[in-house]
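Where a number appears in this text, it was derived from the coordinates with a stated rule and is not lab data. Predicted, not measured: the structure shown is a model, and the values here were computed from it. As a convention, Cβ positions derive from the backbone with ideal geometry for all residues, glycine included, and neighbour counts pool all protein chains shown.
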């Protein structure tokens, strides 16, 4: 078994976060923030009461939020610490794997802004850590 495979949990669906210069930073069970939207400006033309003009505005992106069961690997916290005082913006890659299928996205100028962990159920639940990342845009890789 290769070193990278020993770090990943057993799962059918997973998100893999890769960062240039660091390689694979982690394997995650949950992800939110894979979204983008265009602000729409409405413009009413004087004298024309039949319709409203809709003009495209800025594209917006929410934070990327990744979570997983806590592992012995501390790459997430090390990356967070390395960017805490000065944001080292990197283009990162997120890969979704499900069986033999795979999709990839690249996030530009990304850096972590919030790490939480471990949290879990006091009745023997799984300890969970969460990482939030801001970025300047996403595109299919």
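Mind sorting 85, 95 by how few other Cβ atoms lie within 10 Å of their own Cβ, fewest first?
Exposure proxy ranking, most exposed first: 85, 95.
Contact order normalised by length for the chain, with contacts defined as Cα pairs under 8 Å and 6 or more residues apart; what percent is it?
24 percent
Sort 134, 113 so the one with the fewest other Cβ atoms within 10 Å of its own Cβ comes first.
The order, fewest Cβ neighbours first, is 113, 134.
As a test of the formula, what do you get for the chain when each DSSP H run with n ≥ 4 contributes -39,500 (n - 2.57) and the sum is divided by the residue count, at 222 nm and rounded to the nearest 500 deg cm²/dmol? Mind dumping the intermediate values first?
On the way: 2 runs with 14 residues, N = 141.
Value at 222 nm, helices only: -2500 deg cm²/dmol.
Report the full-extension gain for the segment residue 141 to residue 73: residue separation times 0.36 nm, less the Cα-Cα distance, to one decimal in nm. Spell out each step's value before the answer.
Details: separation 68, 0.36 × 68 = 24.48 nm, distance 2.61 nm.
Contour length minus the Cα-Cα distance gives 21.9 nm.
Could the peptides 15-27, 50-62 be put in order, highest first, of the mean number of other beta-carbon atoms found within 10 Å of their residues? List each step's numbers first, then the result.
Values: 15-27: 16.7, 50-62: 10.3.
With the highest mean Cβ count within 10 Å placed first, the list reads 15-27, 50-62.
Give me the extension gain from residue 59 to residue 103: residue separation times 0.36 nm, minus the current Cα-Cα distance, reported in nm with one decimal. Don't jump to the answer; show the numbers that get you there.
Values: separation 44, 0.36 × 44 = 15.84 nm, distance 2.18 nm.
Full extension of this stretch gives 13.7 nm more.
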